[in-house]
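Worksheet for the structure shown next.
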């Protein structure tokens, strides 16, 4: 394992925290200490510790070397650039300030991947989402970060695409990424952290390889849920940025002109659009807090509760992560690598619907 004395650490705490009503998240209290005091403790073995802030923040801690953002209003890429510029070690461990469940064990695990072959070592959670602000950056990334800033491309996700990155995929680990990587972004997040409430919303993934019929099955299941009186939402990850050509033309113009967020509404519905970097799945699940069920399209590699479609002419065996794979749906008599999972008829929507509900019964 790499000696932590050869690595510096950076806490990114210079954001405006607009969704937290402009409170300093790094000073929020949890388990009788602030987020900053907790990070001070778990980073105790690092050589030097830096705290990235904006010039208006009156925050000091003797264990951290304060770094004020050189660039204002360009997001976390400014703190990343300044931290990597100032650090004396060849590698810099980077984390946002609002991850109160981060652990020493997790940090030490990430440092085992360090080598001089890469510009960065970035965490990818079990759903496949990239967390560019949770990882380790090599000094070799500095010039590309400066180039991105000079080009006014401030998205860190865009930056990592231009770096030689080693992705640390947590799906091969036992870490609870939904806890460790959980950001506290809103007062509701903070309230749930302090006094956890049982989330009544149930979510279930409809997985399978491409063209297996996931969308078709979801549309049929939605009708069943509606007939039974359930409030149901859906989530699908688009690997390519979706286009808004079919939206109201004026709304499209607003977004393309630079509106950070916009709402379109009518007598029966509304849609809120916001320009933002890709978040982890948990962020989007929180948008459906008052729903009974959320159906996730895809996510075959995740550990979320799921079924898998195995359809003739498309596939003959399962490919999903077996953790929380509840049952299979197929039009085949035999599935090659299945020896114990229940197989339901692809066309028996009633049986599939009942089995999904059964998955949540004690």
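Neighbour counts of other Cβ atoms within 10 Å put 234, 316 in the fewest-to-most order 316, 234.
Please work out whether the range 251-297 counts as rounded, prolate or oblate from its C-alpha gyration tensor, where a ≥ b ≥ c are the square roots of the eigenvalues and a/c under 1.5 means rounded, while otherwise a/b larger than b/c means prolate and anything else oblate? Don't jump to the answer; show the numbers that get you there.
Numbers: a/c = 3.02, a/b = 1.42, b/c = 2.12.
It comes out oblate by the Cα gyration axes.
Taking every DSSP helix (H) stretch of at least 4 residues in the chain, weighting each as -39,500 (n - 2.57) and dividing the sum by the residue count yields a mean residue ellipticity at 222 nm of -7000 deg cm²/dmol. Taking a point 7 Å from the Cα of residue 186 along the Cα-to-Cβ direction, the residues of the range 19-56 with backbone N closer than 12 Å to it are 19-21.
Can you sort 224, 161 from fewest to most other Cβ atoms within 10 Å of each residue's own Cβ? Kindly include the intermediate steps, with their values, before the conclusion.
Details: 224 17, 161 11.
Fewest to most other Cβ atoms nearby, the residues stand as 161, 224.
Mean-square fluctuations from a GNM of the chain, with a 10 angstrom spring cutoff on Cα atoms, peak among 309, 67, 349 at 349. For the chain, the share of DSSP beta bridges that are antiparallel, to the nearest 5, is 30%.
Using the number of other C-beta atoms within 10 angstrom as an exposure proxy, rank 160, 94 with the fewest first. If you can, show how the numbers build up before the last one.
Numbers: 160 22, 94 26.
With the sparsest Cβ surroundings first, the list reads 160, 94.
Of the residues 298, 14, 261, the one that moves most in a GNM of the chain with alpha-carbon contacts below 10 Å is 261. If you find the alpha carbon centre of the range 10-31 and of the range 155-222, how far apart are they in angstrom? First find each Cα centre; the distance between them is then 22 Å.
Compared with the dominant principal axis of the Cα atoms in the chain, helix 349-358 is inclined by about 50°.
To test your reading of the geometry: what angle, between 0 and 90 degrees and rounded to tens, separates the Cα axis of helix 214-227 from the longest principal axis of the chain? Its long axis makes an angle of about 70 degrees. A full extension of the chain between residue 176 and residue 287 corresponds to an added length of 37.8 nm, given 0.36 nm per residue minus the alpha carbon distance.
In terms of its alpha-carbon gyration tensor, the range 4-194 comes out rounded; the largest-to-smallest axis ratio a/c stays below the 1.5 threshold. A simple spin-label model places pseudo-atoms 7 Å from Cα toward Cβ; at residue 254 and residue 108 they are separated by 5.2 nm. One decimal place: the segment residue 144-residue 265 gains 39.4 nm when fully extended, by the rule 0.36 nm per residue minus the C-alpha distance. Overall, the anisotropy analysis places the range 1-91 in the oblate class: the square-rooted eigenvalues a ≥ b ≥ c of its C-alpha gyration tensor yield a/c not less than 1.5, with a/b not exceeding b/c.
So, R0 is 45 Å and r is the distance between the beta-carbons of residue 226 and residue 101; what FRET efficiency does that work out to, to 0.05? Intermediate values should be presented prior to the final figure.
Numbers: r = 37 Å, r/R0 = 0.81.
The computed FRET efficiency comes out at 0.75.
Compared with the alpha-carbon gap, the fully stretched path from residue 72 to residue 19 is longer by 17.2 nm at 0.36 nm per residue. Bridge orientation summary for the range 117-189: considering DSSP beta bridges with both residues in this region, about 50 percent are antiparallel.
Summarising the label geometry, the points placed 7 Å from Cα in the beta-carbon direction at residue 86 and residue 324 lie 3.9 nm from one another. Inter-part distance, the range 51-98 to the range 308-362, computed on C-alpha centroids, equals 49 Å. When DSSP beta bridges are restricted to pairs lying wholly in the range 4-194, around 35% turn out antiparallel. The calculated FRET efficiency for the pair residue 297 and residue 41, based on their C-beta separation and a Förster distance of 41 Å, comes to about 0.50.
Values quoted throughout were computed directly from the atomic coordinates according to the rules given, and no laboratory measurement underlies them. Source: prediction; values computed, not measured. Reconstructed Cβ throughout: ideal geometry from the backbone, glycine too, with neighbour counts over all protein chains shown.
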